[in-house]
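Coordinate-derived values only; no laboratory data. All values derive from a computational prediction rather than experimental measurement. Using ideal geometry, Cβ is built from the backbone for each residue, glycine included, and neighbour counts are taken over all protein chains shown.
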């Protein structure tokens, strides 16, 4: 008895198999694009995420269809997303809040990685790609600091038109009419133009950008630009807070501390530290620490210190931890010196405006949260504060710059409700417990995988610590890196369990 097989059906199966292979390759390419872009470009990172998700969803149309593996975080990730959506429905500004659901949907990054990374080798390569790519912005930061920016003025005369406009000795003039300033002569040329009534400067002082308006025709008599501006001398400015390629120093600091934790984890887990790979990790660590110091962001410094201490305590002997602590003392002193020089504040300083600002918005935010049961249950809605802060008397009735609550705990509770905050805290707890359980059973891990888990645990703790005084959950650049590492951890767990099932 013979069996006839339809050639058309066979051709369809073959075509489907080829399409599946192409889509699998496209998803992997997007994962690596994500890893390379994450420390450097939010646009490229989000493009990699969206393309990866599109290719992955399209992949389900072809046989053999991908298998979906459950994770310990599924209910919590989905629950937090649903509660975020629910807060939009009861928001004071529903349409504005719905616009923030795209950021809330970033949790799908976890599944893009955890379900599609095919092997342990790929996990290692993705982690190393993230660290290597971070060196792009570290090198950029170092080069930018060496070259300097703008015009830093010294020995400014009180008769100077700059002084009368609000510039002070030691300020750095960055732009004139939104154009980068390179030397004093360019400023003199702008002030001498007959078609300009007012010239607008941007001056940097410690951590503040100060707008300065100068009328034309105010130059002093003199034979050169310095005399006409009433400046004794000048140099390139090198005292701004580093922001890498992100444009915001806090965002950059938070991204750095997550990647630093991963680097520390790998270096601690490395069996032969006196090796070429050990030297490469040490160079990357030194570069990233230097960049983190230049952000002059105290919460991120503290987060990195605590996450590193945790990694060392989990992995090394007490003696090794003490030695590391001794070597850390000069770094801590250098950080305090930079803090004083660049921001003119101490590590804990009640005279610091950013500290008093936080205390004010925390007090106002808490009062708004408990003012109505509705706020406690579903929040006020994401970003609705931007439209209603005046009627609520927020930000010291407008005397402080308006923004957010500078705390993950308060911001999530206020915008999405206390139930959403509890689910978020449960998510972090279960994630930490998952990492810890995998670390306790090291028999099936090689050193790189062990290092990734150490870095994930340290990064999670650092992220939580800095989030007590920063709203780092609101920085998509930071959250995408956080979800990337979470996805690698869950991918490793999936591959481990699959190996156990196959062995069984």
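Observations on the model:
- Calculated over segment 149-237: convex hull of Cα atoms, volume per residue (Å³): 79 Å³
- Here, segment 4-160 is characterised by an Rg to Rh ratio of 1.19, where Rg is the alpha-carbon radius of gyration and Rh the Kirkwood radius.
- A simple packing score, the average count of other Cβ atoms within 10 Å per residue, orders the peptides 235-242, 365-372 as 235-242, 365-372, with the highest score first.
- The packing ranking, built from the mean of other Cβ atoms within 10 Å per residue, places the peptides 267-278, 133-144 in the order 133-144, 267-278, highest first.
- By the Cα gyration tensor, segment 376-504 has an equivalent ellipsoid whose semi-axes, rounded to whole angstrom, run 39, 14, 11 from largest to smallest.
- Stretched out straight at 0.36 nm per residue, the stretch from residue 74 to residue 106 would grow longer than its current Cα-Cα span by 10.1 nm.
- Segment 362-396 versus segment 145-219: alpha-carbon centroid distance in Å: 39 Å
- Helix 7-37 axis, angle to the chain major axis (alpha carbon atoms, nearest 10°): 30 degrees
- Added length on full extension, which subtracts the Cα-Cα distance from 0.36 nm per residue, residue 367 to residue 224: 45.7 nm
- Inter-site label distance for residue 390 and residue 200 at 7 Å from Cα along Cβ, in nm: 2.1 nm
- Whole-angstrom gap from segment 22-63 to segment 265-295, using each part's C-alpha centre: 28 Å
- Alpha-carbon centroids, segment 83-137 and segment 437-481: separation in whole Å: 15 Å
- Angle between the chain longest axis and helix 74-89 axis [Cα atoms, degrees, rounded to 10]: 50 degrees
- By average C-beta atoms within 10 angstrom, highest first, the peptides 148-161, 90-103: 148-161, 90-103
- Helical runs (DSSP H, four residues minimum) scored at -39500 (n - 2.57) apiece and divided by the length of the chain put the mean residue ellipticity at 222 nm at -21000 deg cm²/dmol.
- Viscosity 0.890 mPa s, temperature 25 °C, Stokes-Einstein D of the chain from Kirkwood C-alpha radius, µm²/s: 96 µm²/s
- Degrees, to the nearest 10: 447-466 long Cα axis against longest axis of the chain: 50 degrees
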